[in-house]
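Undergrad: The structure is given below, and queries will be raised subsequently.
The values are calculated or read from the model by the stated rules, or taken from the named source; none is laboratory data. Fair warning: this is a prediction, and the values are worked out from it, not measured in the lab. Cβ sites come from the backbone with ideal geometry, for glycine too, and all protein chains shown count toward neighbours. Only protein heavy atoms, including side chains, enter the accessible area calculation; ligands, DNA and RNA are left aside. Shrake-Rupley method; radii C 1.70, N 1.55, O 1.52, S 1.80 Å.
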Amino acid sequence: MTRNFEIPSVMDTPLITRILERNVPYEEVYTSGGVYDEFSEPKLVEFMKQTMKGHFPKGHYIVKGSTDFYTEDPNEQKTEYKSSATIEFNVQ
């Protein structure tokens, strides 16, 4: 089943850094985010309700994430950042 949902979200704390060590797994606890409204596709609404309760339906997921933002120094000089990544995982 292909869902092809686009789930926008906002991060209010950019530039968080983390040092990763070779051969040491890194794990982050996921909390569902995103929104839906009365115009959203019913399948998206149901999916969001499930993930907000901490339950992903069984299946293979390909998640594509991207971000763009800027920082501003005390002299109001802007530095722009753009990044994207894709991860895959299975829920059994």
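Undergrad: Could you please find all residues in the range 56-66 being in a loop (DSSP other than H, G, I, E, B) and surrounded by 12 or more Cβ atoms within 10 Å (Cβ to Cβ)?
TA: Those that are in a loop (DSSP other than H, G, I, E, B) and surrounded by 12 or more Cβ atoms within 10 Å (Cβ to Cβ): PHE56, PRO57.
Undergrad: Any residue that is farther than 12 Å from ILE7 by Cα and aliphatic (A, V, I, L, M) - is there at least one of those in the range 30-51?
TA: No, that holds for no residue.
Undergrad: Taking the range 67-88 on its own, how many of its residues are within 22 Å of THR51 (Cα to Cα), open to solvent by 70 Å² or more (accessible area, probe 1.4 Å) and not charged (D, E, K, R)?
TA: Counting residues in the range 67-88 that are within 22 Å of THR51 (Cα to Cα), open to solvent by 70 Å² or more (accessible area, probe 1.4 Å) and not charged (D, E, K, R) gives 2.
Undergrad: Here's another thing I want to ask about it. Is it the case that the range 46-54 has a residue that's surrounded by 10 or more Cβ atoms within 10 Å (Cβ to Cβ), aliphatic (A, V, I, L, M), touching a Gly at 6+ places or on another chain (Cβ under 9 Å) and outside any strand (DSSP E or B)?
TA: yes
Undergrad: Being of a type outside the set (Val, Ile, Thr) and in contact with a Pro (Cβ under 6 Å, 6 or more places away or on another chain) is the requirement here; does PHE69 meet it?
TA: For PHE69, the condition - of a type outside the set (Val, Ile, Thr) and in contact with a Pro (Cβ under 6 Å, 6 or more places away or on another chain) - is met.
Undergrad: Then there's this: Hey, does the range 20-40 have a residue that's surrounded by 11 or more Cβ atoms within 10 Å (Cβ to Cβ), at pLDDT 80 or above and assigned to a loop (DSSP other than H, G, I, E, B)?
TA: Yes, the range 20-40 has at least one match.
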